Amino acid sequence: MAMSQSHGAAAPTHSGTEPSVLRKIVAASMAGTIVEWYDFFLYATASALVFSKVLLPEMGNVYDAIIAAFVTYAIGFLARPLGGIVFGHIGDRLGRKHTLQLTIMLIGVATVLMGCLPTYQQIGVAAPILLVVLRFVQGLALGGEWGGAVLLVAEHAPSARRATWAAWPQAAVPVGNLLATLVLTLMANVLSDEAFMAWGWRVAFWLSAVVVLVGYWIRRTVSEAPVFEAARAEQAHDKAMGFGIVEVLKTRPVGVLKGMGLRFAENIMYYLVVTFSIVYLTEDQGMERGPLLTLIAIAHASHFVVILLVGRLADGAGRKPVYLAGALLGATWGFWAFPLLDTKVDGLILLALIAGLAIHALMYASQPAIMSEMFPTRMRYSGISISYQVTSIFAGSLAPLLATQWLKDTGSWLYTAIYLGVAGLITAGVVLTLKETKGTSLEELDAVDAAQTRASERSEVTTA
């Protein structure tokens with residue numbers, strides 16, 4: 001295939017890896033993704049419930065303490081683009097498999113060590129400093145994880161069902177979050193508040209070690225996708241063709257910006273639903289920790305199912321209409337969801353959470369398919385990682401922090417609802433600029449990229 005691409009011949013449409021092999025690849029992708037997002041979201045939940053009271057100094061009021069915890073939480077988001085750049089470069093050069101083995105070990109070690117941290121009362125300012133360092137390592141590893149996990153599946157999947165298959169690693173995210181929530185719920189319900197704050201929360205961090213080892217072992221058994229092997233052979237054949245972040249920003253800047261626009265509202269909405277809602281319901285509405293975590297666990301379970309259904313829908317109806325519906329519906333969520341949260345009725349609270357995550361799934365499920373179809377294989381890992389992770393700095397990391405600050409200053413959810421509404425409209429505008437890519441062949445995309453690159457080189461030689 002590399003030789004045919006070298007002479008500008010069109011590559012055949014990929015019919016996909018054998019289903020039995022593809023299922024094994026999906027399991028490898030999901031195993032690591034579950035544990036990495038278990039670890040990452042465990043931190044998010046602990047930021048709202050534990051860290052502000054255990055690892056940070058006392059503040060003037062509860063909202064200031066939570067905001068300080070969310071600042072340490074945001075450190076992970078700042079590290080994610082760096083992780084996307086570093087591991088994206090490694091993944092485009094050496095392969096998805098080995099990169100994913102490294103990221104899963106990094107985030108596992110960081111999370112277990114978080115569970116071992118002494119409290120602020122024991123070691124003073126060293127506690128939050130160590131927390132920030134470990135959070136940075138977490139974010140660095142996660143920045144390289146997402147791109148590799150979804151590409152491991154997307155590049156093996158048949159063109160006609162890419163969104164269906166690639167939705168599985170996306171669905172691993174709510175599974176990881178569900179596991180984190182269930183462990184914390186169990187600890188919060190069976191332990192006294194004193195025991196939970198003293199040691200119960202640590203158990204959830206230590207348990208990640210088991211899943212890390214399982215995920216690492218599974219990832220050792222998978223192989224690279226044929227389309228990646230062909231692109232690597234093409235690189236060896238034509239040394240002039242570049243790869244990685246430099247080449248992405250040089251040749252696909254519009255693709256990166258559009259990927260960021262797609263991510264913007266989706267990322268903000270997710271962290272408002274799963275992180276800020278905890279703050280809002282516990283601190284503003286006075287809801288007990290245990291019952292709230294139970295409701296959130298149910299919402300995560302529903303999110304898993306909806307993501308898989310939306311993946312199928314994106315292959316049938318197309319990427320654009322599904323994503324556009326999610327962006328527009330997401331823009332309305334805050335205006336009707338917060339009044340439901342204000343009722344303090346468990347059923348209505350659950351409805352708001354499930355609906356929010358279902359709307360989020362309309363955007364999230366098809367992201368791997370859409371973004372993988374924006375970039376050729378030689379720079380795909382870097383391209384989707386940069387688009388995905390850079391956006392998280394000014395979207396997901398800031399969303400719960402801003403919402404908590406507005407709640408503290410005004411006592412109202414209105415500014416948060418407006419914020420999400422504007423974000424939804426921005427993402428909807430980006431969706432309208434996209435071409436429909438349903439059924440795109442990654443091999444043909446690589447063949448066109450190779451032909452364009454060589455045409456550009458010939459033009460430069462002629463000009464010179």
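Could you compute how much accessible surface H89 exposes when probed at 1.4 Å, giving the result in Å² to the nearest 10?
For H89, solvent-accessible area is about 70 Å².
Going down the table (K97/K250; K53/K408; K258/K408; K344/K408), which pairs top 28 Å between alpha carbons?
With Cα atoms farther than 28 Å apart: K258/K408.
Quick check: the distance between the Cα centres of region 128-178 and region 403-438, to the nearest angstrom?
One Cα centre to the other: 23 Å.
Of L328, V390, S372, which is farthest towards the positive pole of region 300-397's charge dipole, taken about the Cα centre with +1 and -1 on the beta-carbons of Lys, Arg and Asp, Glu respectively?
With unit charges placed on the Cβ atoms, the residue in question is S372.
Put E247, E194, E443 in order of accessible area, largest first, 1.4 Å probe: what do you get?
E194, E247, E443
Please report the carbon-and-sulfur percent of the accessible area for region 338-464; probe 1.4 Å, protein heavy atoms only, DNA, RNA and ligands left out.
67
Measuring from label point to label point, each 7 Å out along Cα→Cβ, what is the T433 to W199 span in nm?
Each label point lies 7 Å from its Cα, and together they span 5.5 nm.
Dipole of region 270-353 (Lys/Arg Cβ +1, Asp/Glu Cβ -1, origin at the Cα centre): which of L350, S302, A337 lies farthest to the positive side?
S302
In what sequence, largest accessible area first, do D39, D342 appear using a 1.4 Å probe?
Result, largest first: D342, D39.
Nothing charged except the Cβ atoms of Lys and Arg (+1) and of Asp and Glu (-1): what's the magnitude of the dipole of region 312-411 about its Cα centre? Round to the nearest 20 debye.
320
Just how far, in whole angstrom, is region 337-362 from region 263-323 if you go by their alpha carbon centroids?
9
Before I look further, what does region 362-421 give for accessible area per residue, probe 1.4 Å, in whole square angstrom?
22
The values are calculated or read from the model by the stated rules, or taken from the named source; none is laboratory data. As the structure is a prediction and not an experimental result, all values here were calculated from the model. Here Cβ is always computed from backbone atoms with ideal geometry, including for glycine, and neighbour counts include all displayed protein chains. Remember, those area values only see protein heavy atoms, side chains included, never the ligands or the DNA or RNA. Shrake-Rupley method; radii C 1.70, N 1.55, O 1.52, S 1.80 Å.
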